[in-house]
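J.: Quick one: this structure, given as structure tokens, is what I'll be asking you about.
Values in this text are rule-based calculations from the coordinates and carry no lab data. Only a predicted model underlies this, so the values are computations on that prediction, with no experimental measurement involved. Every residue, glycine among them, receives a Cβ derived from its backbone with ideal geometry; neighbour counts consider all protein chains shown.
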Amino acid sequence: MRPILLCVLLLTISNVFMTFAWYGHLKTLANKPWIIAALVSWGIALFEYLFQVPANRIGHQVLSVAHLKIIQEVITLSVFVPFAVFYLREPLKLDYLWAGLCLCGAVYFMFRDVATAG
């Protein structure tokens, strides 16, 4: 598998774990003390890092750190919106679309040197 595709796949899996670690406790552990939520979140975050670290190492073979960061932000929004809407039952907002469009601009500016280098 190409390094960029493998990187994106691993970062997506990592981000699913990250999103649950950061926000899942708001639904599942809302009635527990915050320390319990923190410990559970740390446990989930371990799995996040088991995917995120190899993803960035693989991706960094062909991409800059700035490229990796923008890819991560796009993945974060792509994972977060469905999570917020379907899991946390938050209302779907038009602001998600505007944020996505802003990220498209960020992708354009970050990767335009790659597109013109070929």
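J.: Per DSSP helix of 4 or more residues, -39500 (n - 2.57); summed, then divided by the residues of the chain. What does that give at 222 nm, rounded to the nearest 500?
T.: The per-residue figure over the chain is -25500 deg cm²/dmol.
J.: Something else: State the extension gain, in nm to one decimal, for the chain segment bounded by Cys102 and Val85, taking 0.36 nm per residue of separation less the distance between their alpha-carbons.
T.: 4.1 nm
J.: In debye, nearest 20: dipole of the chain around its Cα centre with unit charges on the Cβ of K, R (+) and D, E (-)?
T.: 140 debye
J.: Obtain the radius of gyration and the Kirkwood radius of the range 3-117 from its C-alpha atoms and give Rg over Rh.
T.: Value, to two decimals: 1.03.
J.: What does the C-alpha gyration tensor say about the overall shape of the range 16-70? Classify as rounded when a/c is under 1.5, otherwise prolate if a/b is larger than b/c, or oblate.
T.: Prolate, since a/c reaches 1.5 and a/b exceeds b/c.
J.: Something else now. Pick from Ser14, Ser64, Ser41: which is most flexible by mean-square fluctuation in a GNM of the chain where alpha carbon atoms under 10 Å apart are linked?
T.: Ser64
J.: Determine the distance separating the Cα centre of the range 62-118 from the Cα centre of the range 1-42; give it in Å without decimals.
T.: Going from one Cα centre to the other spans 17 Å.
J.: Right, something else. For Ser41, what is the net charge nearby, where nearby means another residue's Cβ is under 15 Å from its Cβ and Lys, Arg count +1, Asp, Glu -1?
T.: Local net charge: +1.
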